[in-house]
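Rule-based calculations on the coordinates, nothing more; no lab input. If you're wondering where the values come from, they're calculated on a predicted model, not measured in any experiment. Here Cβ is always computed from backbone atoms with ideal geometry, including for glycine, and neighbour counts include all displayed protein chains.
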Amino acid sequence: MVPELQAWAVGTAVEGAEGEEEDLAAATSMEAVVMEDMAATTITMATGECDWLTLHRRMGHVALPILQQIVKQDMVSGIRVKGEPNEVLGCPTCMQAKFTRYPFHSSETTAKAPLDEVVMDVVGPLKLGAAGAEYFLTIVDVYTRMTWVYVLPKKSDVAETVKTDWLPIVERQQDRLVKAIRTDRGGEFLSKDFSTWLKKQGIRHSLTMPYSPAMNGIAERANRTLTETARGLLIEAGLPNYYWPDAVRHACVAKNRALTHVGEDKWVPYVEWIGRKPKVDMLRVFGCMCMALVPKKLRHNKLDAKATWAVHLGMAQNSKGWLLWDPFTKKFLVSRDCKFMENLPYKEWKAENQAKIGVRLGEVKSTGLEHVELPLELSSSSTITRQSPQMNGGEEEEEVQQGDERTPSLPPRATCARGNRADLQQRHESIQVPVVEEEGRGRRKTQPPNRLSYERLGGAANSTLTGSALMLGDEAEDESEECAFAFFSPVEIPGEPTNPKEAWEGPNGKEWKKASDEEMGSIIENDTFDLVNLPPGRKAISSKWLFKRKTDADGNIECYKSRLVAKGYQQQEKKDYNEVYAPVVKGTTLRTLFAAAAIKGWVVKQMDIVTAFLNGVLEEETYMEQPEGYNDGSGRVWKLKKALYGLKQAPRQWYIKLREVLEAIGFTPSTADQSLFMLGEGEQRSFMVVYVDDILIFSPSSDLVKEVMLKLQDKFKCKTLGDVNYYLGLHIERDVEKRWMRVHQKKYLEALAANFGKSEGHVATPLPSGFKCVKGPAEESVGEEERRRFHSLVGSLMYAAVHTRPDAAFATGQLARVVQCPNEEQVAAGERVAKYLGQTATVGLQYSAAAQRRQKGADGVEPGRLFLTAFSDASWASEPEDMTSVGGFICCVGGGPTAWESKKQVDQALSSVESEYMALFRAIREVVWQRRLLAELGEEQQGPTPLYCDSQGAIALAKNPVLHGLTKHMKVKWHWVRSMVTAGEVELHYVKTTAQPADMMTKRLVEQQHWKCCKLAGMALN
């Protein structure tokens, strides 16, 4: 908690199933919006009377004697207490959380002033929580007992946290230097780097004796207090342990504002540290429900709700407000206008609202809440950091989804990022495992301090990529609800320079220097900056050079590319940037357009906007140090006027500029995909898709394409790349006369197999016979190095499974469930999948008029028209751990797959009919969206879309409720299937299991049936 901040933080994560507690992090990059008071709004702060038990809960369940003294001696302000204090003694949460047999003994100290002596300790590993955290660092000032907590993904981050995040702040606050630090003998405190730094700072480092935690009793006692309090907060709220960072943060806030006993002395740490009484009028019961105001200007119309439900997670960081989580949209938000129901914990509210919690993000946009990244800096005295991954928990559990809304553009590299680190590559999106959907935003992800280079998707097989968070989790139970984060690496081929000296002075130095000069020329030509003196009180961020050899589809070097990027992770929210949202084209949209181009013979041309981000105009004042190799030595800095690569707001500013230009030309954005733009009518129509600065133009006429390209070249510096054959890492082959197009990832998959496919011989299917992917005990897990390699392997498999290989989706989803603790059999299975993909590297997606004619239900389709068909399947009770089912679907346009999904169902189905019925729900949801997309492309579907299912019982249930007695226990949302059937959106048809292509999305198949499913789905097999 930051006492100076007086606003609430509201959190939301992406769609999730009813009954699931979604993680409130992650987000590896959490999305949030700070809902400012729009001048006319007021804070709803219930500062009136409360009873002793409520105050006890607000203060993090502090002991009754301490609570009584705080009130009696008027040690805090902003609260009035009524009733009898003894009611606190019966608090069941305290009994559950604090019951213990072994009290800690007090420690003696000789500290005479703040920072004379500081004690530190690390707690963990804990269950993987928000920000990918497994540990937290506790720091206590011995003299004042002021406490700080920092959440860390790994112990090795301790030294950097102390040096950069804690020490500079506290020394400035006290205008004193730290004299001594006392720690145990953990390796994180004994590193040579940390010891050398302490000596340079003149700080004495005292160590406890081995196996003598009592010698560091102050830190140990603080750890116990924080852990017990956090445990109690989670128990009372009914939140899963994944949210322990939020609970520990709130516990730290309360501890610093509660009475501390040291011998006969008693004081409040905050008072001793700051010098004034803390205000606690903004403390609220952790995990309670509240209503958060939706600012007027963010509401879509006058009838929209003025407030939204949210879960209270404590005080916001760097904002005067509360951190909250919206259980409908599963997003984090920050707000200062809230009304709290402190006697309504999340678990009770959730039990009453099960049927509402699984709503998709798109269905709750009426709240008008816009989401941006929360700052990820590690916490100071009363805050804990979190990463903000793109939360995509889904309504059900583990999913490998292709083309719905969120497909990763790049496979990430293995690394654990701490805090907020900017992505230096502007194409990088997060991959989420097992839910993998296209994010639809051009936002840059976080980057760790030891920065590595980010590469373009166009050279994915040769890329060195870093820093993306993957979301895992079985959200059906408490343990599985806690989404974990892994960090994966792509297929990597070394050879790119990592710094200017290596580039400019090494082999090909002349080419690299020329590329850097061209980059600087473009920056200057675009009037990107003014050279100024740094204003007082402002901080200039630094920059980095990235170097990349751009290759064609065959791996031949086309050019040397040098990119100057700002280190956006050094930016401060609300000072250097505000909003960061920017969409990118959805995978399903792209594939649907490929299908249209194949069937209709459209021209498809590719363009690249040179230094695209430099066209975006910055709205905030941002200062950057002069770049390496181009510093005039004057000590001046760049005042940035344009959106330089690496800045957090750069993608958004570029998208705003591009959309402005396209709308001026006459384009309108699609309502189904904000990165699809449309121009003209009928045969004079043109379509444009945008992925950051990579553009594809589709049109029936080459003259129309040329006209569009000329208009763009009038506004931007562009490269025309001709007919598309390699786009975002995808190989595109086509025959215009025969009207077919094939999309595959041959180059990437061959490199993947070379890196990971250890198994010898031919493999005909992704998974071996009899393989069951079950989470085993930790002692059977492979070593740390092998585990990290497995993370990278699964991430790389996911990259293929979501783009062009639905046949590998089920296998990849199975492996993703054990990514945190794989055993040798599971590692071998992952290597087998890599081998399979490498041996079938040219297998991919194919769209053609002939294939569409062969598709079920397409017999009477008019030539040249696009036809949508879908297949849905489920494997009942196939998951041995909890007897849940796996559902899946495949949607086809132009005879080939455009979207697919393999997903574990959270709800236990009592029969195969139920599991098939729930699978229909997800398939129909995708069908409805694709019908809307096709209508905008001028291909409105005539009549309902045929959806094939191999369960006659599920079809009967969807057509009429005659089986009510057997299905009355099912959640209301599943029966949306009936309304879509009645509305004529879909028409259900029975198909034999042997002719069901979606069968491969739900189970492992023998070779003959596996390849039959691939063929029925319309995949290109040779």
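For the residues Thr329, Thr840, what sequence is obtained by ranking on other C-beta atoms within 10 Å, fewest first?
Ascending number of Cβ neighbours within 10 Å: Thr840, Thr329.
Can you work out ³J(HN,Hα) from phi for every residue in the stretch 832-848, in order, using Karplus 6.51 cos²θ - 1.76 cosθ + 1.60 and θ = phi - 60°, giving whole Hz and x for Gly and Pro?
Once rounded to whole Hz, the list reads 5, 4, 4, 4, 4, 5, x, 6, 10, 4, 8, 5, x, 9, 9, 10, 7.
How big is the stretch 855-1020 in terms of Cα radius of gyration and Dmax, in angstroms?
That works out to 15.5, 49 Å for Rg and Dmax.
Nearest 0.05, what FRET efficiency do Lys992 and Lys127 give at R0 = 51 Å with Cβ-Cβ as r?
0.70
Relative contact order for the stretch 660-741: what is it in percent, counting Cα pairs under 8 Å that are at least 6 residues apart?
Details: 77 pairs, mean separation 11.5, N = 82.
Normalised by residue count, the contact order of the stretch 660-741 is 14 percent.
Under a plain spin-label model, where a point goes 7 Å from the Cα along Cα-to-Cβ, how far apart in nm are Glu985 and Arg80?
5.3
List the GluC sites (Glu not before Pro) within the stretch 652-761 that fall in a DSSP loop (any state other than H, G, I, E or B) and whose Cβ has at most 11 other Cβ atoms within 10 Å.
Qualifying residues, ordered by number: Glu681, Glu737, Glu760.
For a footprinting-style exposure proxy, rank Cys892, Cys288, Cys50 by other Cβ within 10 Å, fewest first.
Cys50, Cys288, Cys892
Would you kindly derive the ³J(HN,Hα) couplings of the stretch 868-875 from the backbone phi angles with the Karplus curve 6.51 cos²θ - 1.76 cosθ + 1.60 (θ = phi - 60°), listing them in order in whole Hz, with x for Gly and Pro?
Per residue, the Karplus-derived 3J(HN,Hα) values read 9, 9, 9, 9, 10, 8, 8, 10 Hz.
Using amide H atoms built 1.01 Å from N in the peptide plane, name the residues 5+ places from Trp740, or on other chains, whose amide H lies under 5 Å from its own.
Here the answer is Asp735, since their amide H atoms fall under 5 Å of that of Trp740.
Highest first, please rank the peptides 934-940, 649-655 by the mean number of other Cβ atoms sitting within 10 Å of their residues.
Answer by packing, highest mean first, reads 649-655, 934-940.
Tell me, Met1019, Met798 in order of fewest to most beta-carbon neighbours within 10 Å?
Fewest-to-most ranking of Met1019, Met798: Met1019, Met798.
Which pairs, out of Lys586/Lys775; Lys279/Lys639; Lys574/Lys642, put more than 29 Å between their alpha-carbon atoms?
The answer is Lys586/Lys775; Lys279/Lys639.
Given the Cα atoms of the stretch 49-274, and with Rh set as the inverse mean 1/r over their pairs in the Kirkwood sense, what is Rg to Rh to two decimals?
0.97
Loop only per DSSP, at most 12 neighbouring Cβ atoms within 10 Å: give me the chymotrypsin sites (Phe, Trp or Tyr not before Pro) in the stretch 169-274, ordered by residue number.
Those that pass, being in a loop and sparsely packed, are Tyr211.
Order the peptides 917-928, 715-726 from the highest to the lowest mean number of other Cβ atoms within 10 Å of their residues.
Values: 917-928: 25.1, 715-726: 15.2.
Result, highest mean first: 917-928, 715-726.
Explain nothing, just the number: relative contact order of the stretch 855-1020, from Cα pairs under 8 Å at least 6 residues apart, as a whole percent.
27
Output ³J(HN,Hα) for the stretch 334-347: one whole-Hz value per residue in order, computed from phi by the Karplus curve 6.51 cos²θ - 1.76 cosθ + 1.60 with θ = phi - 60°, and x for Gly and Pro.
10, 9, 10, 10, 9, 10, 9, 10, 6, 9, 10, x, 4, 5
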